[in-house]
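Engineer: So that we are looking at the same thing, I have put the structure below in structure tokens.
The values are calculated or read from the model by the stated rules, or taken from the named source; none is laboratory data. Everything quoted here is computed from the prediction, not taken from an experiment. Cβ coordinates were reconstructed from backbone atoms using ideal geometry, including for glycine residues, and neighbour counts include every protein chain displayed. For the accessible areas, the whole protein counts, side chains as well, though only heavy atoms, and no ligand, DNA or RNA atoms are used. Shrake-Rupley method; radii C 1.70, N 1.55, O 1.52, S 1.80 Å.
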Amino acid sequence: MANVIADRIEVVSDDITRLDVTMIVNAANSSLLGGGGVDGAIHRAAGPGLLEECRTLGGCPTGGVRMTGGHRLKARHVLHAVGPVHRDGRSGEPGLLRSCYEEALRLAHEHQAESVAFPCISTGVYGYPKDEACRIATDAVIAWLESHEYPRRVVFCCFGEADARLYRDRLAAIGA
Ligand code: AR6
């Protein structure tokens, strides 16, 4: 991977609600009405206005992404991505997970976002194997950055050092 792309990618181990970035991505469900995990954390940190805004959206299909304001978050926008539940890996999951990353990046590009932070979509309650999800996430982000100016910077916001190591090792393995 060219250094110029590697310079636009960062891996952190943190709570995504604390990040000072233009947009954060939420690992939502198709109702967009909140839940546990990172979704619950984002709604708690953003305050009730986020749920009110989500109610107006009418849900979102798996693989899709919808944008809202950031409300009380530092981030200006939340990109609500609906990842797939991992069944057997042969039910379209890879394409649906990749679509979450691409659709979020597309919206970030459209809005000329400086920075976007992603959690490890689908790897909690939805059971996606972490290493496969990491491969899909990094491939999608690198391909995007190679051909687009925005977002200028992507943060993989891992929840714990073990996940962060997975991302750092993967990026190192592909030359970042
Ligand atoms: N910051 C960053 N990452 C986090 C945080 C946080 N504050 N909290 C958890 N994670 P999950 P899913 C990580 O289960 O698998 C919800 O109920 C977590 O360690 O939040 O896509 C939704 O409403 C894991 O790596 O999302 C859906 O119903 C990653 O976030 C369902 O869960 C994703 O775990 C979506 O399941």
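Engineer: Has region 139-154 got any residue that is assigned to a strand (DSSP E or B) and within 16 Å of the ligand (Cβ to nearest atom)?
Structural biologist: Scanning region 139-154 turns up at least one residue that is assigned to a strand (DSSP E or B) and within 16 Å of the ligand (Cβ to nearest atom).
Engineer: While we're looking at this one, here's another question. Check Thr56 against each of (1) surrounded by 21 or more Cβ atoms within 10 Å (Cβ to Cβ); (2) of a type outside the set (Phe, Trp, Tyr); (3) without any contact (Cβ under 8 Å) to a residue 12 or more places away in the chain and name the one condition it does not meet.
Structural biologist: (1)
Engineer: Output the qualifying pairs, or none if there are none: Cβ atoms under 6 angstrom, residues six or more apart or on different chains, first residue in region 117-131 and farther than 20 Å from Glu102 by Cβ, second residue open to solvent by 40 Å² or more (accessible area, probe 1.4 Å) and near the ligand (Cβ under 7 Å from one of its atoms).
Structural biologist: Hits for this filter: Gly124/Gly37; Val125/Gly37.
Engineer: Identify, from the list Thr17, Thr68, the residue that is farther than 24 Å from Lys130 by Cα and polar (S, T, N, Q).
Structural biologist: Among Thr17, Thr68, only Thr68 is farther than 24 Å from Lys130 by Cα and polar (S, T, N, Q).
Engineer: Given the conditions (1) open to solvent by 50 Å² or more (accessible area, probe 1.4 Å); (2) within 12 Å of the ligand (Cβ to nearest atom); (3) in a strand (DSSP E or B), report the number of the one that Ala27 does not fulfil.
Structural biologist: Looking at each condition in turn, Ala27 falls short on (1).
Engineer: Of the residues Ala75, Ala46, only one is within 14 Å of the ligand (Cβ to nearest atom), over 15 Å from Ala108 (Cβ atoms) and surrounded by 20 or more Cβ atoms within 10 Å (Cβ to Cβ); which?
Structural biologist: Only one candidate passes the filter, namely Ala46.
Engineer: Right, here's the next one. Considering Thr62, Thr22, which residue is touching a residue at least 40 places away in the same chain (Cβ under 8 Å) and either in contact with a helix residue (DSSP H, G or I) (Cβ under 7 Å, 6 or more places away or on another chain) or more than 9 Å from the ligand (Cβ to nearest atom) (or both)?
Structural biologist: Going through Thr62, Thr22 in turn, the sole match is Thr22.
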